[in-house]
Amino acid sequence: DKNANTEAIKDYFTKQTGFIAGTSIKYGASLISAKTKHQDLAKGFYVGQRFHSEKVKRLADGRCLHLGHLNKADGRWRIFIFGDIKNPIDSKSSCHQLFEYLSKSQDSPIKKYTPKGSDIDSVIDIYTILQCRDDLSIEHLHDFLLPTKVKYHLKDYEKVFSPISDNDIYESRSINRETGCMVVVRPDQHIANILPLNGFQELESFFDGFMLLKL
């Protein structure tokens, strides 16, 4: 049956579209692609596969945009921090402790691999998605989330987001609301690692495996 054969071919190419476009390629474990130890923290983001976009709302101005559009082809690594259920302003929360570590610890990949005099996000770019709270205000957030950059040290207000109520990224990407997580994305836009918010040593070990020290 000619029509049956045509439909079979059409179905085959439909199923293979992601692979042909490069969006379904999955890299195995390597120096720049970790094992799937913490995959359960974000079941909708697959280690080794491309970072698939989802809309979120920018906290500073309420604008909705795709996270994937932040993955520019500029050679930088990116870490997407998905906050846990606790108030990120609380100094005991996992989010606050992570921000403290990333911004102040000499073992932080941000501190270790950013050349002196460069913008804090010039090598590893950080974006944070915090769960919706009525009392969440950008003015009260950790300074690390509002980095001062370029010549005039202007604050970057485009680093913090929250889920959209009718299309919650925590739901669509099966992210653990209770614990949150970090999603590390390579410059080629493939997911390199998924880690808990308190996985400081694992984050250090991952980047130490291939990065060169700052100049």
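The values are calculated or read from the model by the stated rules, or taken from the named source; none is laboratory data. The structure presented is a predicted model; accordingly, all values stated were derived computationally and were not measured. Cβ sites come from the backbone with ideal geometry, for glycine too, and all protein chains shown count toward neighbours. Ligands, DNA and RNA are excluded from the accessible area calculation, which covers all protein heavy atoms including side chains. Shrake-Rupley method; radii C 1.70, N 1.55, O 1.52, S 1.80 Å.
The figures follow:
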quantity	calculated
Candidate set: the stretch 126-153, residues that are more than 23 Å from residue 77 (Cβ to Cβ) and not charged (D, E, K, R); chosen: the one surrounded by the fewest Cβ atoms within 10 Å (Cβ to Cβ)	152
Residue tally, condition farther than 15 Å from residue 184 by Cα and either out of contact with any helix residue (DSSP H, G or I) (no Cβ under 9 Å at 6 or more places or on another chain) or open to solvent by 70 Å² or more (accessible area, probe 1.4 Å) (or both), over the stretch 41-72	10
Single match in 210, 206 (criterion: outside any strand (DSSP E or B), closer than 17 Å to residue 98 by Cβ and in contact (Cβ under 8 Å) with a residue 60 or more places away in the chain)	206
Candidates 125, 134, filtered to the one that is of a type in the set (Asp, Glu) and assigned to a loop (DSSP other than H, G, I, E, B)	134
Residue count, the stretch 77-98 (criterion: in a helix (DSSP H, G or I) and open to solvent by less than 10 Å² (accessible area, probe 1.4 Å))	2
Of all residues in the stretch 99-109 being crowded, with 17+ Cβ neighbours inside 10 Å and more than 19 Å from residue 141 (Cα to Cα), the one that is farthest from the chain's Cα centre (by Cα)	108
